[in-house]
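What follows is calculated from the coordinates using simple rules that are stated; it is not laboratory data. On a predicted model such as this, the values are computed, not experimentally measured, just so you know. Don't worry about glycine lacking a Cβ; one is built from the backbone with ideal geometry, like all the others, and counts go over all protein chains shown.
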Amino acid sequence: SPIRATTPYEGLYQLVASNLSSTVFALSMSNSTDGKVLIINTNTSNGVKMGITYTTPITDLPIGITPQESAASSRLLVAYIATDTMDAVTHIGAIDPTTGDYTPNIGACQTGILAGGFIATSNGVYCAMGSVITPPLVLQP
């Protein structure tokens, strides 16, 4: 496409949905070393249209997102590579879906760059290649 030709890295990378609210998170790449996460309200009741609630910039290289949810709260975890070092460690940051605020480097998958993704439960984050981020990142309701 013409947009792809002029900004070859820009585009949607991943979409994930929240189980707790009518929210979808979209990871979009800005260029080869950074991106942004769109927090989209999908509630269309009473004629309301879907809309972007927050746009959160990720200043490093984001490679994946996953929601971490408990019975009462949620946050979105972002896996990224630090662009200043570009080492083989996958770092994890967190976005608060109610404010769009981003906290980088809350943990890291020390076994290397993610191959196959990562998953978050209310008890912690489990990385591909068997790495577990400890201590568990427990959500408080």
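Here are the numbers for the structure shown:
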read-out: Inter-probe distance in nm under a simple model that places probes 7 Å from Cα toward Cβ, at Asn46 and Asp87; value: 5.1
read-out: Environment charge of Ala82, counting only residues whose C-beta is closer than 13 Å and scoring Lys/Arg +1, Asp/Glu -1; value: -4
read-out: Amide H contacts of Ser70 (H built 1.01 Å from N, under 5 Å, at least 5 apart or other chain); value: none
read-out: From phi via Karplus (6.51, -1.76, 1.60), per-residue ³J(HN,Hα) for the stretch 77-85 in Hz, x at Gly/Pro; value: 9, 10, 8, 8, 9, 5, 6, 6, 9
read-out: Ordering of 99-105, 48-54, 119-125, 61-67 by burial proxy (mean other Cβ atoms within 10 Å per residue, highest first); value: 61-67, 119-125, 99-105, 48-54
read-out: Rounded to whole Hz, the Karplus (6.51, -1.76, 1.60) HN-Hα couplings of the stretch 86-101, x for glycine and proline; value: 6, 7, 8, 9, 8, 8, 10, x, 9, 10, 7, x, 8, 10, x, 5
read-out: Nearest-0.05 FRET efficiency for Ala71 and Leu12, computed from C-beta distance (R0 30 Å); value: 0.50
